[in-house]
Amino acid sequence: MPKLLIGLGLALVILTVYTLVDCAVFDRKRIRGLPRWVWIFVIVLVPLIGPLLWLLVGHGRSTPTTRSYRSVAPDDDLDFLRGLNGGGVATATGENRPFNEKDQQERIRRMEQDLADLDKNDPTPGNGTGVDPKKKEPGEGEQPGRRDA
């Protein structure tokens with residue numbers, strides 16, 4: 001019988017120390033019922049009931065009450081995409097309307113056309129000038145007036 005009482009007493013001390021440390025380091029916003037200092041007094045002064053009350057009532061929830069948000073890449077976040085360019089596409093009247101697939105296809109077509117126009121203005125090796133584009137840079141190829149040639 002004395003071994004049982006020693007075992008129960010040791011378990012009570014371990015429970016009290018555990019709840020005391022848990023109360024001392026627990027997030028202040030999640031403590032329920034009483035202020036932290038009152039919970040510490042209850043745990044210490046009421047041997048078995050104090051730690052049990054802390055675990056059942058004061059400990060609070062295991063997760064914070066704030067809502068957690070899932071991380072989303074910017075190109076998958078519709079709110080972010082709507083916020084670009086003032087929230088939509090500017091129309092001829094100056095008002096914004098939501099961005100849609102047709103607008104995106106039109107923008108891609110315009111960009112491709114601009115690139116094609118730039119390519120038309122760029123000199124190519126077969127344009128009749130007779131100059132190889134690789135040898136246009138100074139210091140490359142044989143050019144008249146070079147001392148090292």
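The values are calculated or read from the model by the stated rules, or taken from the named source; none is laboratory data. Model, not experiment: these values are computed from the prediction. Cβ coordinates were reconstructed from backbone atoms using ideal geometry, including for glycine residues, and neighbour counts include every protein chain displayed.
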Kindly indicate whether any position in region 104-125 is among the β-branched types (Val, Ile, Thr), at pLDDT 80 or above, closer than 30 Å to residue 19 by Cα and surrounded by 10 or more Cβ atoms within 10 Å (Cβ to Cβ). no
I'm trying to understand the selection: among the residues of region 47-56, which are loosely packed, with under 13 Cβ neighbours inside 10 Å and farther than 11 Å from residue 12 by Cα? 56
Selected residue (only one of 77, 132 is acidic (Asp, Glu), surrounded by 11 or more Cβ atoms within 10 Å (Cβ to Cβ) and at pLDDT below 85): 77
